[in-house]
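The values are calculated or read from the model by the stated rules, or taken from the named source; none is laboratory data. Values in this document were obtained by computation on a predicted structure and should not be read as measured data. Don't worry about glycine lacking a Cβ; one is built from the backbone with ideal geometry, like all the others, and counts go over all protein chains shown. Ligands, DNA and RNA are stripped out before the accessible areas are found, and what is left, the full protein with its side chains, is counted by its heavy atoms. Shrake-Rupley method; radii C 1.70, N 1.55, O 1.52, S 1.80 Å.
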Amino acid sequence: MNEIIRNTQASFTNGSLDPQDWSEFRALAHRMLDEAIDGIANVRARPVWQPIPDAVRAAVRTDVPREATDLAEVYREFSEHVAPYATGNIHPGFMGWVHGGGTAVGMVAEMLAAGLNANLGGRDHMPIEVERQIVEWMRGLFGFPQGASGIFVTGTSMANLMAVLVARTSALGALARQHGIGNDGTLLTAYASKAAHGCISRAMDIAGLGTDALRKIDVDADHRIDVAALRAQIAIDREVGFRPFLVTASAGTVDIGAIDDLRALADLCREEGIWFHVDGAFGALAILSPELAPLLEGIELADSIALDFHKWGQVPYDAGFLLVRDGERHRQAFAQPAAYLSREARGLAAGTVWPCDLGPDLSRGFRALKTWFTLKTFGTDRLGAVIARSCALARYLEARVLAEPRLELLAPVNLNIVCFRYRAGDAINREIVADVQESGIAAPSSTILDGKFAIRAAIVNHRTAETDIDALVSAVLEFGARRCGGVIEIEAPPLAAQ
Ligand SMILES: Cc1ncc(COP(=O)(O)O)c(C=O)c1O
């Protein structure tokens, strides 16, 4: 243990929780920052992820700490028991689910935000102006009109839920918030493809509309929603008395990164008078890449877009976002009068629309700051280039899979996600994923495609390079061979002729 840590006595005065000795605190805090920076700078020296030893799990299970512990000791526990066993998504070998890598810039911005300890539920202060600036940038990027509104939330699951609520209030009128849904017998139905993220169905459940009211429409071979089937389902529902109110398009499906035909969906929704929402959790930020942006054609016609800056935007968790074309409809879904939140002409309570009018949260942190720092420090062109590069890496992985007879590609590569498997059964591939994760070499995740277990690599992290892709392929081949006892079990279909 370092001299500074040993000597630090982070004792506190009886009244305030501020350190009694600021210089001692400062020395330790600087050391923490240095080590956090080292952790990112030297991330390649560590395993991507490692299993948590039982002793480590046990070490953090303590009684409620009634007595004070020295800050240096708490930091030691963090360094030994927490930091080494994190998810690993800052590592370039992390390719599971859809996790961004974060940046050192985002990390220090988060620290600065914590220093301000601002509450962005409302009131008149600059942190809210920073959030409003990002809303304005997003409005411009996605071609939304003046009067559009936006808000930071935890993630796209929350943003999608809020979009369902805005669309619901828009369809039923603001009185539905008072009377409840279904009182007038209206049976709302929503639509998304079978490849849509599960949070859409959960949003229907939480919104009180029920998951049955979400019609899951078939997809084509590229996992894009079958627009003709959608149109037919809407007609059937109208025929039997349902009221179609919402279509959620996927701009980057979670399994394989497919982007629905946004233009066709926008046209259909306009014809039918249905709210058009886009789940762009990761894919929407492809708008930053001139090469990829055309894939999102039609997104500018959406009524709302959900996206995460913490995925392809590389902002540290969490930084979800909802953009709504008609800010007034957005407000009508959430705003609520309260004497203790009254708006004044001047003073700290000045200002018109407060973020608490645009979502369910009243207490809100300063997520916008790490996003503002990230967008400004790197510039959107560079972030767009990072996004395009991760798609190029996905194509590189695709090429490696196609060139390797022991591997099988399971889905087209649309953006940054590659689904493949070792030519063996599901059980062996499941073991391979866990073997690779536990080896610390790489961290892919898995999914099921057409009934087959797939090894899934989503390249999101800006640090990932070709060598990391090579390491993943080698590890899959190595563990696959070991699991098969050196014998490759070949299942139908036969080896691809590449
Ligand atoms: C397409 C899609 N939608 C929604 C989500 C949920 O986003 P979050 O995890 O930020 O809530 C994800 C997460 O990966 C996603 O890929």
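Overview of values
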{"read-out": "Helical contribution to [θ] at 222 nm, DSSP H n ≥ 4, -39,500 (n - 2.57), averaged over the chain, rounded to 500", "value": "-12500 deg cm²/dmol"}
{"read-out": "C-alpha center-to-center spacing [region 265-293, region 31-105] in angstrom", "value": "37 Å"}
{"read-out": "Value of relative contact order over region 122-365, rounded to a whole percent, pairs C-alpha under 8 Å and six or more apart", "value": "26 percent"}
{"read-out": "Rounded if a/c under 1.5, otherwise prolate or oblate - region 122-365, Cα gyration tensor axes", "value": "oblate"}
{"read-out": "Cut-off under 5 Å, modelled amide H: who pairs with ILE448 long-range", "value": "ALA454"}
{"read-out": "Kirkwood Rh, angstrom, region 193-332 [1 / mean 1/r, Cα pairs]", "value": "15.5 Å"}
{"read-out": "Heavy-atom accessible area order for ARG463, ARG123, largest first, 1.4 Å probe", "value": "ARG123, ARG463"}
{"read-out": "Helix runs (DSSP H) in the chain reaching 24 Å along axis by Cα, Kyte-Doolittle at least -0.5", "value": "22-41, 380-403, 466-483"}
{"read-out": "Accessible-area composition of the chain, carbon plus sulfur, in percent [1.4 Å probe]", "value": "54 percent"}
{"read-out": "Residue-normalised accessible area of region 192-271, given per residue in Å² at a 1.4 Å probe", "value": "43 Å²"}
{"read-out": "Mean shadow area of region 328-394 over all directions, Cα convex hull, nm²", "value": "7.5 nm²"}
{"read-out": "Cβ-defined net charge surrounding THR189, 10 Å radius [Lys, Arg +1; Asp, Glu -1]", "value": "+1"}
{"read-out": "At R0 = 41 Å, FRET efficiency that the Cβ-Cβ distance of ALA392 and ASP18 yields, to 0.05", "value": "0.25"}
{"read-out": "Region 122-365 - share of DSSP beta bridges that are antiparallel (%, nearest 5)", "value": "40 percent"}
{"read-out": "Between region 366-395 and region 175-192, the Cα center-to-center distance that results, in Å", "value": "39 Å"}
{"read-out": "DSSP bridge pairs, the chain: antiparallel proportion in percent, nearest 5", "value": "55 percent"}
{"read-out": "Percentage relative contact order, the chain, counting C-alpha pairs under 8 Å, at least six apart", "value": "20 percent"}
{"read-out": "Whole-number D in µm² s⁻¹ for the chain, Kirkwood Cα-pair radius fed into Stokes-Einstein, 25 °C, 0.890 mPa s", "value": "99 µm²/s"}
